[in-house]
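This report concerns only the one structure given below.
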Amino acid sequence: MEGPSTEECYEKLKLVGLEPIDPLFLAAFNIFGQYIQMRQAWMTLPSDPEVLKGWIKMTRTTLGMFNFWVVLLQFLCRFLELFCCYFYAVFELFLTANCCSFCWCIRLSPASCIESCID
């Protein structure tokens, strides 16, 4: 593993004086546990407790916003996938189409199609 360890980051985190149940303390450990680049950035910051606390808040907010958009995009893609699967299955029932290269489950009933897409 490259970069500073979580233990090294924890030693610097002690300078901030947060309690272990403080949300900022927990956010810092979440950040340190996920990103080597964040640990490196943390260790290059000045040892001023206010600067460190501000960095944790800013990073937590930034990563939270990023995660929100990733989750939203994943949800929308899954919704479109299910919608298309259902649409083409219904399309086959009404127009008796043989196959559609866009959706592999075209030959299934709409209920079976949705079940197979959810799995």
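Every read-out reported here was derived from the displayed coordinates using simple, explicitly stated rules and does not represent laboratory data. In this text, all values refer to a predicted model and were calculated from it rather than measured experimentally. No Cβ is skipped: glycine too gets one built from the backbone with ideal geometry, and neighbour counts run over all protein chains shown.
Seen from L15, the other residues with C-beta closer than 15 Å to its C-beta sum to a net charge of -4, counting Lys and Arg as +1 and Asp and Glu as -1. Which of the GluC sites (Glu not before Pro) across the stretch 1-34 are loop residues per DSSP, with 13 or fewer other Cβ within 10 Å? Counting only loop positions with at most 13 other Cβ atoms within 10 Å, the GluC sites (Glu not before Pro) in the stretch 1-34 are E2. As a calculated quantity, the FRET efficiency between Q74 and S47 at R0 = 35 Å, using C-beta atoms, amounts to about 0.35. Distance between the 7 Å Cα→Cβ label points at L15 and T61: 2.2 nm. In order along the stretch 42-53, the phi-based Karplus estimate (6.51 cos²θ - 1.76 cosθ + 1.60, θ = phi - 60°) of 3J(HN,Hα) comes to 4, 6, 8, 5, x, 7, 6, x, 5, 5, 5, 5 Hz; Gly and Pro are listed as x.
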